[in-house]
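Written out below as structure tokens is the structure these notes cover.
Taken together, the values in this text are just the output of simple stated rules run on the coordinates, not laboratory data. Quantities reported herein were computed from a predicted structural model and do not represent experimental measurements. Glycine also receives a Cβ, built like all others from the backbone with ideal geometry; neighbour counts cover every protein chain displayed.
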């Protein structure tokens with residue numbers, strides 16, 4: 001299979017070249033892309049960067065002391081790699097700390113549960129909340145319920161996340177996490193505990209942000225592990241009346257200053273035009289932030305470093321942005337869009353790596369429809385590295401997802417995310433979950449993408465509108 | 001593969017029958033064994049029993065209130081299944097409660113670790129213990145170290161457990177867990193934290209018993225998860241000086257009364273002779289005790305129930321023993337051996353299921369060498385269910401491992417334990433880790449074994465001495 005690819009893809013690629021873009025500069029760009037792939041696959045720099053971040057900093061919740069350690073780590077690391085420019089931009093971020101979390105079934109059988117607070121949740125009273133639970137298959141089922149069914153109870157949304165290569169199961173169930181507390185509170189619930197938004201069967205709860213709504217009571221919100229949700233179902237098979245005692249002590253502590261940390265390989269002929277490759281620097285607090293998003297930090301940094309090392313500078317500037325406070329609401333991404341608004345017209349294209357370290361199998365973009373074929377042709381060389389042409393419906397990744405609203409073209413380098421939601425937002429987000437070879441393949445893909453985009457002479461604008469946000 | 005087995009094994013088995021044991025009663029016994037297999041594979045009783053134990057009781061540390069709940073559950077369950085006799089025998093058990101556990105690396109980089117106290121450990125002082133760690137590859141390396149290297153430090157034994165079908169990796173590394181604290185304390189260590197004795201890479205620490213020694217200081221003992229041990233190694237690559245702050249608050253609370261719970265199918269012609277199939281009822285406290293040893297409880301109970309339901313009673317009595325307090329030192333097993341000493345001469349053979357719910361692939365025994373071939377012949381029918389003839393060196397399982405010292409023959413029905421030590425002694429020991437089909441295969445094997453042994457006319461004694469204990 002592998003050797004078959006090696007035989008036929010270069011031919012296909014050369015054919016494309018001959019047909020569409022036979023000028024020598026383009027051939028040279030494609031050759032550089034192949035060299036970047038070779039160098040990336042022979043290097044462990046991406047892995048070394050994640051290793052460094054997870055060992056020397058570890059968990060780094062936005063606005064905490066560890067977050068500032070991460071920012072300092074990033075500045076030092078980027079400077080040590082010799083980028084043309086390294087700088088940081090202040091971002092005001094909300095500070096939320098987890099505190100303790102515990103839950104017990106008190107009837108019909110006493111059992112402790114493994115839970116964690118959802119990000120942004122308020123605390124329970126000091127003595128906890130004790131109430132019967134009311135179970136719903138989905139957020140929609142909760143929405144359809146009467147106030148009478150829910151009032152005074154702890155809502156339990158029991159929606160299992162399905163495993164898919166593109167992680168689409170998450171998109172379906174995460175609505176219960178983000179919006180469940182508001183819907184539950186509107187119907188008089190005293191708290192909400194959801195089945196973890198995760199594809200694993202480990203006894204670890206998955207955290208992640210939830211939201212409140214002005215004018216709706218703020219009720220405590222937590223997730224239980226998948227085996228605990230199974231346990232509750234075991235009890236519900238025996239009786240309708242399952243009582244839970246829930247204790248959470250998270251705290252919102254106002255705001256603090258964090259930073260988007262930025263490095264650049266300055267463009268030679270069009271230095272003011274930007275190819276942005278990003279990742280986020282913050283992480284949740286229970287793991288060491290290896291797959292989310294240490295991997296992305298390693299991938300885009302190592303990719304840009306390969307371009308920095310080239311004998312010839314790229315035409316456009318390649319800008320690495322390590323975003324602040326993604327987890328708690330894309331705060332760094334929004335700040336970047338706001339602070340760089342004047343410059344966004346000069347952003348040629350943007351992409352964020354924030355889906356772990358699984359191999360990239362496809363390149364989706366969002367560019368002018370008439371430019372789509374040219375971009376597919378231009379990036380055809382990436383098939384050598386397993387990255388096949390995709391669609392024209394990319395959103396670009398969380399922290400760049402708002403840039404299309406400003407007319408900026410984006411790309412999504414789609415990773416194999418089959419195991420991503422096994423570990424996502426849990427203590428299990430640790431370095432051992434990263435396959436160094438897969439990470440290097442990501443570095444190769446980002447290096448090729450950034451290089452080819454920096455050299456591209458295709459006009460990508462105006463971009464098509466998003467169908468769904 | 002499957003259909004091939006179905007074709008040739010019955011022929012081989014019938015061949016054996018013709019050659020060795022052509023009498024009609026034996027043929028009838030073998031036919032009953034085949035019927036037992038069919039019934040077991042068509043039934044989910046074993047799984048229903050584990051489900052009931054894990055949902056209705058859950059964690060059940062010896063000597064705690066939950067342990068007594070488990071005993072009451074067991075008596076009720078066994079009575080409801082209609083066994084000829086159900087009774088319990090008091091066992092005095094030590095009581096140890098886990099309390100809280102936390103650990104932080106304080107230098108060179110601040111990071112929280114995921115740890116758990118080892119069973120039997122003393123607490124740290126209330127403010128914890130803070131000291132540099134000293135790392136050893138193995139217990140033997142610690143033994144070879146000088147006092148100077150260890151004094152005043154926290155010992156870190158970093159021995160990885162290898163994955164094997166028979167779990168032999170555990171036997172190698174568990175010595176560090178059980179004996180490490182004594183060796184470390186003899187050299188002046190202030191505490192010990194080991195790499196978890198587990199084959200997983202989940203951020204969960206594996207608990208399990210450790211021992212102290214009269215006259216040697218009792219130092220706090222804990223395990224960290226495998227990813228945490230990797231993290232410490234990442235730091236040790238950068239500096240020799242890694243400082244840990246460790247806090248544990250376990251408590252030994254004297255003794256309490258627990259019970260071995262026993263059920264019998266009374267033998268027809270030799271009721272005073274016993275075929276013992278056992279499992280242990282207690283569990284560690286962090287999971288729900290599904291694979292350790294709810295699975296065993298389900299397997300041996302469901303197997304005996306199949307024999308209870310037969311139209312013809314077995315010649316010997318089949319006795320199910322659900323042992324108390326296995327985890328904290330085989331307390332129930334030792335009590336049984338002591339309390340039943342007069343009766344042990346009448347124990348035909350004994351086996352315990354305490355290795356999860358993986359499929360049984362082999363039957364090892366410990367019987368008189370001259371009886372070995374006959375027993376292999378007699379149990380040849382078990383190959384139909386995937387259980388192949390094994391060796392004559394069985395130890396029988398933890399709670400029956402002392403019975404050979406009293407001359408009692410034992411058997412080990414070897415299970416596929418490749419994933420057992422991923423979950424063993426962690427919060428991950430939950431019902432979802434059990435494959436109902438594999439559990440039913442276990443029930444079939446135990447039912448066949450117990451039946452064939454109850455009918456056997458082979459003299460099994462005197463048994464060969466153990467080579468290693």
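Quick notes on this one:
- By the beta-carbon count within 10 Å of each Cβ, the least crowded to most crowded order of A:47, A:406, fewest first, is A:406, A:47.
- Subtracting the Cα-Cα distance of residue B:218 and residue B:144 from their residue separation scaled by 0.36 nm leaves 24.6 nm.
- Alpha-carbon centroids, segment B:241-268 and segment A:274-345: separation in whole Å: 50
- Inter-probe distance in nm under a simple model that places probes 7 Å from Cα toward Cβ, at residue A:201 and residue B:465: 4.6
- Extending 7 Å from the Cα toward the beta-carbon at both residue A:35 and residue B:241 defines two label points whose distance is 4.6 nm.
- Taking the number of Cβ atoms within 10 Å of each Cβ as an exposure proxy, the fewest-first ranking of B:239, A:64, B:54, B:116 is B:239, A:64, B:116, B:54.
- Peptides B:318-326, A:348-356, A:382-390 ranked from most to least packed by the mean count of surrounding Cβ atoms within 10 Å: B:318-326, A:348-356, A:382-390.
- Ratio of the Cα radius of gyration of segment A:176-255 to 2.2 N^0.38 Å, where N counts its residues: 1.18
- For the residues of A:192-202, the average number of beta carbons from a partner chain within 10 Å of their own beta carbon is 2.
- Along each principal axis, taking the top coordinate minus the bottom one, the Cα set of segment A:234-284 gives 72, 30, 12 Å in descending order.
- Cβ-based exposure ranking for B:56, A:149, in which fewest neighbours within 10 Å come first: A:149, B:56
- Residue-averaged beta-carbon neighbours from other chains (10 angstrom radius) around B:427-434: 6
- Summarising the strand pairing of segment A:187-324, around 30 percent of its internal DSSP beta bridges are antiparallel.
- At full extension, residue B:131 and residue B:48 could sit 25.0 nm farther apart than now, given 0.36 nm per residue minus the alpha carbon distance.
- Here the peptides A:364-371, A:295-302, B:396-403 are ranked by packing, the mean other Cβ count within 10 Å, and the order with the highest first is A:295-302, B:396-403, A:364-371.
- Angle in degrees between helix A:168-186 and the longest Cα principal axis of chain A, rounded to the nearest 10: 40
- Adding -39500 (n - 2.57) for every DSSP H run of four residues or longer, then dividing by how many residues chain B holds, sets the calculated 222 nm ellipticity at -11000 deg cm²/dmol.
- Angle in degrees between helix A:45-56 and the longest Cα principal axis of chain A, rounded to the nearest 10: 30
- Compactness of chain A was expressed as the Cα radius of gyration divided by 2.2 N^0.38 Å, which yields 1.03.
- Axis of helix A:24-41 versus longest Cα principal axis of chain A: the two differ by about 50°, to the nearest ten degrees.
- Whole-number Å³ per residue for the convex hull built on Cα positions in the protein assembly as shown: 182
- Kirkwood's formula applied to the C-alpha pairs of segment A:100-249 gives a hydrodynamic radius of 14.9 angstrom.
- Average beta-carbon neighbours from other chains, 10 Å sphere, peptide A:222-232: 3
- Only Cα pairs under 8 Å and 6+ residues apart enter the sum, and on that basis the relative contact order of chain A stands at 22 percent.
- Copies compared at residue B:99 - label distances in nm, ascending, label defined 7 Å from Cα in the Cβ direction: 2.6
- In this rough spin-label picture, where each label sits 7 Å from Cα along the Cβ direction, the residue B:388-residue B:151 distance is 5.6 nm.
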